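Right, one structure below, let's go through it.
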């Protein structure tokens with residue numbers, strides 16, 4: 001039996017064994033929340049996926065080291081400053097965030113993970129953050145309000161919090177998986193997140209936890225592109241308290257499959273929320289590429305379409321401009337059978353056997369004006385398929401990113 | 001001695017032996033010129049570089065075949081319709097453009113090159129174009145007015161004609177090279193042009209003409225990115241009448257070098273004009289990458305920066321946001337020494353030894369607000385360098401491409 005307070009809680013404090021806090025400590029000048037803390041008092045098994053950008057935040061470097069340990073007690077996060085391109089001082093600052101948190105919680109610095117997001121190239125205001133951490137530790141709570149505060153504390157140019165929850169039963173026990181993420185800009189495969197934090201109470205071995213996360217991220221966060229670039233800070237972390245009481249999942253049987261599917265579904269939910277709330281985005285679209293000669297070709301072609309500014313503008317304008325889609329596919333240099341190529345917008349075939357066909361323009365436009373629609377391209381070159389999520393490109397994207405001053 | 005009328009003529013009719021025409025025949029609904037013709041009555045040696053998009057216009061397919069011949073008498077071009085993704089009928093239409101032109105000029109269809117630009121996926125109005133060609137042939141002239149009319153006839157969303165001229169002396173003879181291009185959207189390496197036509201009177205062998213064009217395009221049109229995608233129609237053609245009277249250039253000696261340099265310089269001039277007039281662009285920038293482990297790495301990193309929407313928005317906003325530059329470089333997956341990486345905006349060092357440095361923000365902004373500025377990144381990983389031209393991303397780009405309806 002799960003307590004009602006837990007069922008109504010859709011935040012990262014919903015799984016058993018987690019406390020959270022989120023507050024404003026002074027990194028952001030706006031007065032919005034900029035410091036978040038997740039604590040697993042009993043210690044959590046953890047896994048993570050990090051950015052593959054060659055230039056990484058000091059937080060990423062440090063968390064990559066700490067994640068190797070057996071037990072994680074806390075994750076401390078600041079928004080408003082990415083602590084990237086800050087040299088040795090940046091590494092000291094990241095370590096300081098861990099050690100202050102560890103000290104206040106009575107654990108070791110290596111039991112703490114750290115993440116940062118925001119402006120690149122400025123030193124962290126460690127003093128402010130230090131005071132913030134102390135306050136956060138005092139305010140730790142397992143309520144939905146605390147989880148919500150954490151979700152808010154990680155945002156930058158996001159306009160909404162992104163949260164998702166999945167409840168499953170494994171071996172007769174209730175298991176909860178929750179996640180929160182921030183997105184907005186600098187989002188692209190591999191690792192379309194900036195930051196994503198997932199908590200669960202499933203009892204599962206560390207290797208399988210890592211494997212499930214990697215698979216889930218691969219099919220969700222890594223399938224999302226907003227502006228084609230991965231940030232210096234992208235991090236997805238999963239923590240499990242293991243308190244659900246299910247027999248520990250140690251093999252890739254039914255239990256693992258159930259857990260993995262729920263996790264993947266949760267991550268896709270978060271990825272879609274991120275796309276919807278991308279800077280200036282008014283709608284999102286899914287590009288499905290079929291008939292590719294290889295899985296890689298399918299992924300490359302799907303991303304080429306989702307990333308192409310002219311397609312993104314057409315989606316914004318609600319215009320069934322298949323010429324731009326075909327152009328993007330051809331430009332991506334994947335193997336294709338030009339004479340057999342076909343394309344659909346929603347359920348409307350707009351291109352078949354290498355040429356445009358007469359189609360119901362109004363119907364295609366109706367699909368394009370939905371909050372989400374699907375563009376399907378069949379390369380007619382093989383049997384592989386893949387997909388990618390993208391969002392439209394609006395004047396607002398330009399305004400946000402031209403007016404944002406360093 | 002070159003006649004004064006030739007010296008004052010800065011259009012493609014300036015080299016000896018060329019006639020041109022440009023007029024409105026009805027492809028464009030706007031009433032603007034949409035049909036152009038270049039004729040070399042004595043027959044020209046020709047070379048061309050075409051799009052590497054896997055989906056190509058029927059015009060590209062046909063011109064690729066005709067360019068192999070010994071002599072080209074004419075190039076016929078229409079704007080307003082790309083004749084791409086039009087299947088077999090499109091191939092018939094392209095051939096018809098060549099055969100009507102050939103018939104009126106008394107040459108063979110295979111002596112005629114064809115190019116199209118405009119909307120993808122619609123059949124050409126061949127009847128209108130046929131009437132237009134007849135009118136154009138009657139109106140052929142070697143005047144600057146005719147050359148200007150041709151330059152206008154190839155435009156789509158361009159706001160200006162792009163023309164350039166270079167005059168050199170080889171073996172005591174005056175040689176003229178002129179070019180005109182259209183750009184605006186769908187511009188990216190390889191082949192950043194959409195369409196580019198170059199005429200010259202230099203006497204040069206066909207293989208060396210092709211080699212000089214390839215080199216020139218590689219260092220200019222192929223170094224320009226507007227929205228990261230190559231169109232289905234990109235074509236650069238050079239024609240030489242050989243009438244300058246210089247001994248035919250058959251070897252890669254001084255004459256070839258002089259010719260090649262002038263041609264490369266002319267192409268770079270046209271590329272910069274295209275970038276300046278890119279859809280919605282308010283300014284252009286050059287990204288120079290030094291210290292790369294390979295030439296390819298340098299090119300990839302330069303393009304990653306020039307293509308990155310967040311950098312393009314920062315340039316539009318005149319903001320010295322080096323974080324986005326560094327992020328783009330790191331995201332491009334090239335070899336780099338993160339601890340030694342450096343970056344300059346104009347003459348201002350903003351990043352050194354892997355971290356941001358204090359710099360004169362106003363001075364950096366002054367560079368960024370010039371019509372053209374240079375961003376220099378040193379990867380500190382080797383001795384190779386390369387560059388790429390990009391333009392900023394404005395609300396206007398979005399408006400043009402969202403409101404353009406198929």
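One table, with the values for the structure above:
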{"quantity": "Residue check for residue A:297: part of a helix (DSSP H, G or I) and outside the structural domain of residue A:82 (by TED's automatic domain parsing)", "calculated": "yes"}
{"quantity": "The range B:353-375 - residue that is in contact (Cβ under 8 Å) with a residue 40 or more places away in the chain and assigned to a loop (DSSP other than H, G, I, E, B) and, of those, farthest from residue A:316 (Cα to Cα)", "calculated": "B:370"}
{"quantity": "Members of the range A:149-173 that are buried (at least 19 other Cβ atoms within 10 Å of the Cβ) and either over 18 Å from residue A:239 (Cβ atoms) or out of contact with any strand residue (DSSP E or B) (no Cβ under 8 Å at 6 or more places or on another chain) (or both)", "calculated": "A:152, A:155, A:156, A:158, A:161"}
{"quantity": "All positions within the range B:376-404 that are in contact with a helix residue (DSSP H, G or I) (Cβ under 7 Å, 6 or more places away or on another chain) and either assigned to a loop (DSSP other than H, G, I, E, B) or under 21 Å from residue A:397 (Cβ atoms) (or both)", "calculated": "B:379, B:390, B:391, B:392, B:393, B:394, B:395, B:398, B:399, B:401, B:402, B:403"}
{"quantity": "Residue in the range A:264-285 that is in contact with a strand residue (DSSP E or B) (Cβ under 8 Å, 6 or more places away or on another chain), buried (at least 19 other Cβ atoms within 10 Å of the Cβ) and in a strand (DSSP E or B) present", "calculated": "yes"}
{"quantity": "Number of positions in the range B:106-120 that are within 14 Å of another protein chain (Cβ to nearest Cβ) and part of a loop (DSSP other than H, G, I, E, B)", "calculated": "1"}
{"quantity": "Matching option when the condition is touching a strand residue (DSSP E or B) at 6+ places or on another chain (Cβ under 8 Å), assigned by TED's automatic domain parsing to the domain that holds residue A:113, buried (at least 18 other Cβ atoms within 10 Å of the Cβ) and within 30 Å of residue A:86 (Cα to Cα), among A:237, A:249", "calculated": "A:237"}
{"quantity": "Filter result for residue B:311 (modelled with pLDDT of 90 or more, in contact with a helix residue (DSSP H, G or I) (Cβ under 6 Å, 6 or more places away or on another chain), surrounded by 24 or more Cβ atoms within 10 Å (Cβ to Cβ) and within 13 Å of residue B:379 (Cβ to Cβ))", "calculated": "no"}
{"quantity": "Checking residue A:316 against (1) in a helix (DSSP H, G or I); (2) more than 7 Å from chain B (Cβ to nearest Cβ); (3) at pLDDT 90 or above, the condition it does not meet", "calculated": "(2)"}
{"quantity": "Any hit, the range A:80-100, residues being within 18 Å of residue A:181 (Cβ to Cβ) and out of contact with any helix residue (DSSP H, G or I) (no Cβ under 6 Å at 6 or more places or on another chain)", "calculated": "yes"}
{"quantity": "Pick from the range B:240-261, criterion outside any loop (DSSP other than H, G, I, E, B), touching a residue at least 60 places away in the same chain (Cβ under 8 Å) and in contact with a helix residue (DSSP H, G or I) (Cβ under 9 Å, 6 or more places away or on another chain), ranking: farthest from the other protein chains (Cβ to nearest Cβ)", "calculated": "B:249"}
{"quantity": "Some residue of the range B:99-111 being touching a residue at least 24 places away in the same chain (Cβ under 8 Å), at negative phi, surrounded by 23 or more Cβ atoms within 10 Å (Cβ to Cβ) and within 24 Å of the chain's Cα centre (by Cα)", "calculated": "no"}
{"quantity": "Residue within the range A:7-25 that is away from every other protein chain (no Cβ under 14 Å), in a helix (DSSP H, G or I) and out of contact with any helix residue (DSSP H, G or I) (no Cβ under 9 Å at 6 or more places or on another chain) present", "calculated": "yes"}
{"quantity": "Residue tally, condition surrounded by fewer than 19 Cβ atoms within 10 Å (Cβ to Cβ), closer than 19 Å to residue B:88 by Cβ and touching a helix residue (DSSP H, G or I) at 6+ places or on another chain (Cβ under 8 Å), over the range A:340-368", "calculated": "1"}
{"quantity": "Residue match in the range B:58-72 (condition: part of a strand (DSSP E or B), away from chain A (no Cβ under 14 Å), in contact (Cβ under 8 Å) with a residue 24 or more places away in the chain and surrounded by 20 or more Cβ atoms within 10 Å (Cβ to Cβ))", "calculated": "yes"}
{"quantity": "Criterion violated by residue B:381 - all others in (1) within 8 Å of chain A (Cβ to nearest Cβ); (2) at pLDDT 90 or above satisfied", "calculated": "(1)"}
{"quantity": "Wholly enclosed helices (runs of 4 or more DSSP H) of the range A:121-233 bearing at least 2 residues at pLDDT 90 or above, within 17 Å of the chain's Cα centre (by Cα) and within 25 Å of residue B:333 (Cβ to Cβ)", "calculated": "A:206-218"}
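To keep it simple, each residue is scored yes or no on (1) at pLDDT below 95; (2) within 7 Å of another protein chain (Cβ to nearest Cβ).
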| position | (1), (2) |
| --- | --- |
| A:298 | no, no |
| A:343 | no, no |
| A:396 | yes, no |
| A:399 | yes, yes |
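Residues are listed down the side, and each one gets a yes or a no for (1) facing chain A (nearest Cβ under 8 Å); (2) assigned to a loop (DSSP other than H, G, I, E, B); (3) more than 17 Å from residue B:367 (Cβ to Cβ):
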| residue | (1), (2), (3) |
| --- | --- |
| B:302 | no, no, yes |
| B:312 | no, no, no |
| B:324 | yes, no, no |
| B:329 | yes, no, yes |
| B:336 | yes, yes, yes |
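Conditions tested, residue by residue: (1) within 14 Å of another protein chain (Cβ to nearest Cβ); (2) more than 21 Å from residue A:57 (Cα to Cα); (3) crowded, with 21+ Cβ neighbours inside 10 Å.
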residue: A:78; (1), (2), (3): no, no, yes
residue: A:86; (1), (2), (3): yes, no, yes
residue: A:96; (1), (2), (3): no, no, no
residue: A:128; (1), (2), (3): no, no, no
residue: A:177; (1), (2), (3): no, yes, yes
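The values are calculated or read from the model by the stated rules, or taken from the named source; none is laboratory data. Note that the structure is predicted; figures quoted are calculated from it, not measured. Every residue, glycine among them, receives a Cβ derived from its backbone with ideal geometry; neighbour counts consider all protein chains shown.
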